[in-house]
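What follows is a set of notes on a single structure, which appears directly below.
The values are calculated or read from the model by the stated rules, or taken from the named source; none is laboratory data. Because the structure is a prediction, the values reported are computed rather than measured. Every residue, glycine as well, gets a Cβ built from its backbone with ideal geometry; the counts of neighbours run over all protein chains shown. Surface areas here come from the heavy atoms of the whole protein model, side chains and all, with no ligands, DNA or RNA. Shrake-Rupley method; radii C 1.70, N 1.55, O 1.52, S 1.80 Å.
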Amino acid sequence: SMTNSNNTQQDLMKLDLQCKKNNTEHHTHEITTERLIVRRGKPFRLTLSVEHPHLDHIELTVETGPDASEEKGTRSSFGNKHPQVNNSGKSWSLQVLDSTPLTATLSVLCPSNASIGLYSLFVKTGSSDVAARVGTLTVLFNPWCDEDWVFLANDAERQEYVMNEQGIVYKGVNEYVTSEAWDFGQFEDDILDICLKLLDLNPKCVKNPQEDYSARCNPIYISRVISAMINSDDDDKGVIVGKWESTFIGGVEPSHWTSSVDILRRWMKYDCYPVKFGQCWVFAAVMCTVLRCLGIPCRVITNYQSAHDTELNLIIDEYYGDYGVTPKQSLDTVWNYHVWVEGWMRRPDLTEDSFYDGWQVLDPTPQEKSTDVYCCGPAPVTAIREGHTDIKYDLQFVFGEVNADKVSWLVMANGSKKRIQSNTKAVGQSISTKAVGSNKRQDITENYKYTEGSEKERVAYEEAVKRANDVRMIEAPPRPKVEMKISLDGKPLNGVDIQAHLTLTTDSPKTQELTLRMNAQIMRYTNSPEAGVWSDTRDIQLQPKKEHVIPILIPFATYGPKLLNNNCIKVSVIATDKKDSKDVYLVEKDIVPHSPPLHLVVSGTPLLNGEMTAEVTFENPLSASLNNCSITLTGSGLLRQTEEIKIAELGPGQKATLKVQFRPNRAGPKKLVACFDSSTFKDIRNRVDVNVRPSSSRLGYLAFGK
């Protein structure tokens, strides 16, 4: 960039920022090579040329944010004569590598604790006392630099948690984990500016920009600010509006999103007006994009049977009405799953040593206020495992999400409550994330808690109770006399009746007379009821040492129309002893009906500009017609735009097919994602990986993997 400096000699000065070379060395070239983007703690090169020889003295100045100052660490002047030592400990420095009278090659070092973001760059040469503004540069966190608080030593992990623009989000229930491809897209050329805009709009920056820019050196501060800005619950121009009810009029249904880029662009395009609508995995995936973009290693985590302990007493009280129906939501609940992110950073704010360094839980879903704002974290995963619930930030809430005890109560018609004996599933199971370098699921439950029932687990729980406030200890109930189990007869398929059975046994020597109240409800993944779909009441005589089996049939005609995305069917049975009404037993099962398959076949040569074909087929498995059907196919780098066909009516047993011929326009690992939608079956997806090789290579046979 050329700038006329307005000093007396009117000399012309040119500065070459060497964007392509610097950005490539700093792992930012995926964003762009048109402007300078560097990572802190690593030198970069500039070439300075002038018309009149006076390069004996060169001084550079960098500034970020309004009212930049040396004491806040947001401004630094440094030269080749006397390196400035800045009292904030954030001094930039330069070395002259080689020079002629008219040009100099400089190596500039941005300190590893500099504030991240956009800087203006000024140059002064010779005896001039006027600095010319010669351009801008953007500074990011540096997981490659061992002095940076976000340093991550393992390169395969950096490739996954910083550089990978594709990922997987896990949903479903822990017996039937479902996975969805997600496009993080953190290096799309406009995303970095959107992330910086997000920082500028955060309430702390609006209130005191000078302090906020000064604090942007700290990943603990930045990640906490972002966790609050992803949701719009504080009227803070946040990115996404959360909605958990069943109608999404005026916005996009949360399950329809597959890309953070679409959401962030929409937010930017409409003047930072919050985008409708998201649920937990959408908040988490967008936060993952922002952290990876800024250079903080990040991964998306799913916790199954996740407790929402509003009272922070490590106990979830769940209430059942007289007929086994879950009444409207009590404040404490256990969600089928909950999705958050982990960011990787050091925590010198907590201890002298490195005990709490590493993965930190950050949860952008608006659940509980933390210091009067809807944000959560960073909470060290180590502190969760050890039960250190008094550590910053929000440890008690996150500890509860994976460890709270569930207590079930039967609410009688007169309002009185009875404790139910049940062996309900423990809270915090199958904690999952995408594995490094593959599409496999990695179970990381052991990072969060010691083995159930082990001595270490008991010690950690006692430690948590000791450090937490107002926790009431509960007695374990006696082992129930009646055991109940619900089992499925084969895979539950969406579109056909669901068949299951209830098995009862007793270890009492006497015959038990029981009243069974059975029902099935459609539940949102947050465990609040959407609709009842089946119920039955009967009295039985349960003989000792004998299995009593009762069939359960839930017709598709009743559950089909009410089963939305991310919902499941909860079957619960409450058994009451007719002779001794204080003995109440409960069993529950969450059933996620599997969607019918969508087939996607890719053929041809996966070369740049090679001819390829994709064929998507869907067969209607029902005995009735499907209405408002569509098949879409997308894949950046493969298709120029999304291809779609619409079919008003697809008869019973009929097939719908979309065939697309295409030529890949970018090399590297790409994904084709097919989606079938209809008024009955929503958003059924399939995906195929296509590894596109540059056309110069002759080997066209390295093909496809699921």
In debye to the nearest 20, the charge dipole size for the chain, taken about the Cα centre with +1 at each Lys and Arg Cβ and -1 at each Asp and Glu Cβ, equals 1440
If unit charges are put on Cβ atoms (+1 for Lys and Arg, -1 for Asp and Glu) and the dipole of the chain is taken about its Cα centre, the option from 337, 74, 465 lying farthest towards the positive end turns out to be 337
Counting only protein heavy atoms with a 1.4 Å probe and every protein chain in place, the carbon and sulfur fraction of the accessible surface of the chain in whole percent equals 49
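Within the P(r) computed for region 230-284, what percentage of the Cα pairs occupies the region above 17 Å?
The answer is 27 percent, as a whole percent.
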Per the charge dipole of region 116-171 (beta-carbon charges, Lys/Arg positive, Asp/Glu negative, Cα centre), the residue among 168, 143, 122 reaching farthest to the positive end is 122
With +1 on the Cβ of every Lys and Arg and -1 on the Cβ of every Asp and Glu, the dipole magnitude of region 584-655 about its Cα centre, in debye rounded to the nearest 20, is 40
Answer check: region 557-644, Cα atoms, Kirkwood Rh, Rg/Rh ratio of 1.26
Computed on Cα atoms, Rg of region 285-324 relative to 2.2 N^0.38 Å comes out at 1.95
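Sort 211-217, 590-596, 610-616 by packing, meaning the average of other beta carbons within 10 Å per residue, with the highest value first.
Descending packing order for the listed peptides: 211-217, 590-596, 610-616.
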Tilt, helix 191-200 to longest principal axis of the chain (alpha-carbon atoms), in degrees rounded to tens, equals 90
Taking the reciprocal of mean 1/r across every pair of different Cα atoms in region 627-689, the Kirkwood radius in Å is 12.7
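Just check region 144-198 against the gyration tensor rule for me: Cα atoms, a ≥ b ≥ c as the square roots of the eigenvalues, rounded for a/c under 1.5, and otherwise prolate or oblate depending on whether a/b exceeds b/c.
oblate
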Computed over region 160-296, the convex hull of the Cα set has an average projected area, in nm², of 8.9
Per residue, the convex hull enclosing the Cα atoms of region 230-323 spans a volume in Å³ of 165
Given the candidates 32, 514, 229, the one whose Cα lies deepest towards the positive end of the charge dipole of the chain, counting +1 at each Lys or Arg C-beta and -1 at each Asp or Glu C-beta, is 514
Using alpha carbon centers only, region 642-698 is separated from region 543-599 by a whole-angstrom value of 36
Summing -39500 (n - 2.57) over every DSSP H run of at least 4 in the chain, dividing by its residue total and rounding to the nearest 500, the 222 nm mean residue ellipticity is -4000 deg cm²/dmol
Counting only protein heavy atoms and leaving out ligands, DNA and RNA, the solvent-accessible surface of residue 118 at a 1.4 Å probe, in Å² to the nearest 10, equals 90
For region 74-167, the Kirkwood Rh over every pair of distinct alpha carbons, in Å, works out to 15.8
For region 409-558, the Cα-Cα pair-distance distribution in 5 Å bins from 0, as whole percents, is 2, 6, 9, 13, 15, 15, 15, 12, 8, 3, 1, 0
Cα-based Rg/(2.2 N^0.38 Å) for region 591-706, rounded to two decimals, is 1.16
Ordered by number, the GluC sites (Glu not before Pro) in region 510-553 that occupy a DSSP loop and have at most 13 other Cβ atoms within 10 Å are 547
For residue 29 the rounded accessible area (nearest 10 Å², probe 1.4 Å, non-protein molecules ignored) is 70
With +1 at each Lys and Arg Cβ and -1 at each Asp and Glu Cβ, the charge dipole magnitude of region 197-354 around its Cα centre, to the nearest 20 debye, comes out at 900
Note on region 529-569: the mean projected area of its alpha-carbon convex hull, in nm², is 4.3
Computed from every Cα-Cα pair in the chain, P(r) in 10 Å bins starting at 0 and rounded to whole percents is 3, 13, 21, 22, 18, 12, 6, 3, 1, 1, 0
